[in-house]
Each structure stands twice: as C-alpha cells, then as structure tokens.
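The values are calculated or read from the model by the stated rules, or taken from the named source; none is laboratory data. Computed from a predicted model, the values in this text were never measured in an experiment. Cβ placement follows ideal geometry from the backbone for every residue including glycine, while neighbour counts extend to all protein chains displayed.
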Amino acid sequence: MKYLPLLGALAVFLSSCSTDPIPENILPQKKMAAIYIDMHMSEQILAEQNMAYDSAKAYFLDTYKPKVLKLHGVKTAQFDSSHSFYEKKPELMAEIYHMGVIDTLSVYESKKKVKTSLLQLAEEKK
C-alpha cells in the first residue's frame, strides 16, 4: 500500500509521455522529411547566390517554396499547418530530422566541400 502513490505518479508520468495520434489533416513525418530536404537544399542554393537576406527570403517564399510543394503534391496551407503542428511537438520534429534530413544535408555539404577543394586545387595548378 505504501507504494500506491508512487505507482499513481508513475502512471501519470508514463501516460503524459505517450504521443497523441497525428491528425489526418497533418502530413506524415516521412512526407515532411522529404519536403524539408528539398526546402533546405533550395535555401542552400539561394545562400550560394550571395543575395541579401531579405531578398533571398522573399525569393524563397515566392518562388522556391511553391515549386517544392508542387513537386510533392502538397498545398501551402496543408504544409503550413503541418509545419506548425510539428513545431509544437519537438520530439516529433526531431524524429522527422532523424529520418534522413540531417544525413542528406550532411552528404550534400560534404560533396560541396570536396568540389570546392578540387576547384581550388585546379586553380592552384594553373
């Protein structure tokens, strides 16, 4: 009997750790991961253009974001509501990024560094 309050507290804690099901109107995590990869790659392309931050942000929102969403067959409102949902649930957002977003972007960055190094070597030999 003396463990009853402890068991009750443990039950409350464990039930609070369980995740609620993702609503039907929210994009699945795998779909969001694929979209985030393309979004981040688009941002990187713009960053390499040396545009002013405000101009790059406006260009991304007006041009790249709609194209990425169209590529994935997703409407802006659905993406925005899904993004907001996952932002409020950091554990789910972390799962999305661990579904390949981080790895894909790391590989891209590594390839870019190798390409830059090779270009620098080629220039030095001239």
Inset, instruction - Can you work out which of the residues in region 38-60 that are in contact with a Phe, Trp or Tyr (Cβ under 9 Å, 6 or more places away or on another chain) and among the hydrophobic types (A, V, I, L, M, F, W, C) is farthest from Ser106 (Cα to Cα)? - result: Met51
Inset, instruction - Scan region 39-74 for residues that are in a helix (DSSP H, G or I), surrounded by 16 or more Cβ atoms within 10 Å (Cβ to Cβ), at pLDDT 90 or above and not basic (Lys, Arg) and jot them down. - result: Met39, Tyr64, Val68, Leu69
Legend entry - Residue count, region 1-38 (criterion: at pLDDT 90 or above and closer than 16 Å to Ser81 by Cβ): 11
